[in-house]
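Novice: Quick one: structure below, then a few questions.
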Amino acid sequence: MAEATASSSALLRDANANEADKVSDQLQSTSIAVGTASSARRGETTSWWEDKKRKRGRKFIIEKVVRNKRKSITTVKGLELFGVKLSDASKKLGKKFATGASVVKGPTEKEQIDVQGDISYDIVEFITETWPDVPEAAIFFIEDGKKVPAA
């Protein structure tokens, strides 16, 4: 009895392996690759139009947060979307404006640059001159909870 169940389970495994091989051959003959459908879902662009739409959605946000009565922090978000290293950018901002600047994780777990002081309006010209890949049309201020274009 034990031999019969062992041989029947071996036959089932062989049949399943043969079925899997047949299905795999059929998929390859119809040119459906295993990784193409899932790679598009992972965010890899497949056409120039999708790449253009993704670039259009890039936004660089500057926000001023008041700490005490006179102290304020200027928060810079989204600079990494334009291919800028945040550590290099924080060093340049700190040297240019003679303040402390550091890369920190924001409330959404994305990295942002915090610069001490109110440099929100001076920073636009500096960023467009230093990094020409950042267009002025993509820079926004957050004032009174509303997003306002810098240009």
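Novice: Yes or no: residue 59 under 24 Å from the mean Cα position of the chain (by Cα) and at pLDDT 90 or above? Can you show your working first?
Specialist: Working: under 24 Å from the mean Cα position of the chain (by Cα): yes; at pLDDT 90 or above: no.
The answer is no for residue 59.
Novice: Within the stretch 106-124, work out how many residues are exposed (fewer than 15 other Cβ atoms within 10 Å of the Cβ), among the hydroxyl-bearing types (Ser, Thr, Tyr) and closer than 18 Å to residue 143 by Cα.
Specialist: Selection size over the stretch 106-124: 1.
Novice: Here is a further query. Taking interchain pairs and intrachain pairs at least six residues apart, which have beta carbon atoms under 9 angstrom, with the first residue in the stretch 121-136 and at positive phi and the second exposed (fewer than 13 other Cβ atoms within 10 Å of the Cβ)?
Specialist: Going by the 9 Å Cβ cut-off, there are no qualifying pairs.
Novice: Restricted to the stretch 65-105, and to residues that are surrounded by fewer than 18 Cβ atoms within 10 Å (Cβ to Cβ), touching an Asp or Glu at 6+ places or on another chain (Cβ under 9 Å) and among the small types (Gly, Ala, Ser), which residue is farthest from residue 128 (Cα to Cα)?
Specialist: 72
Novice: Has the stretch 125-135 got at least one residue that is in a loop (DSSP other than H, G, I, E, B), in the same structural domain as residue 69 (by TED's automatic domain parsing), over 21 Å from the mean Cα position of the chain (by Cα) and surrounded by 15 or more Cβ atoms within 10 Å (Cβ to Cβ)? Before you say what the answer is, go through the steps one by one.
Specialist: Looking only at the stretch 125-135, we keep the residues that are in a loop (DSSP other than H, G, I, E, B), and these are 131-135.
From the residues that got through so far, the ones that are in the same structural domain as residue 69 (by TED's automatic domain parsing) too are 131-135.
Now restrict to residues that are over 21 Å from the mean Cα position of the chain (by Cα): none.
No, the stretch 125-135 contains no residue that is in a loop (DSSP other than H, G, I, E, B), in the same structural domain as residue 69 (by TED's automatic domain parsing), over 21 Å from the mean Cα position of the chain (by Cα) and surrounded by 15 or more Cβ atoms within 10 Å (Cβ to Cβ).
The values are calculated or read from the model by the stated rules, or taken from the named source; none is laboratory data. Not measured: the values here are computed from a predicted model. Virtual Cβ from ideal backbone geometry, glycine too; neighbours counted across all protein chains shown.
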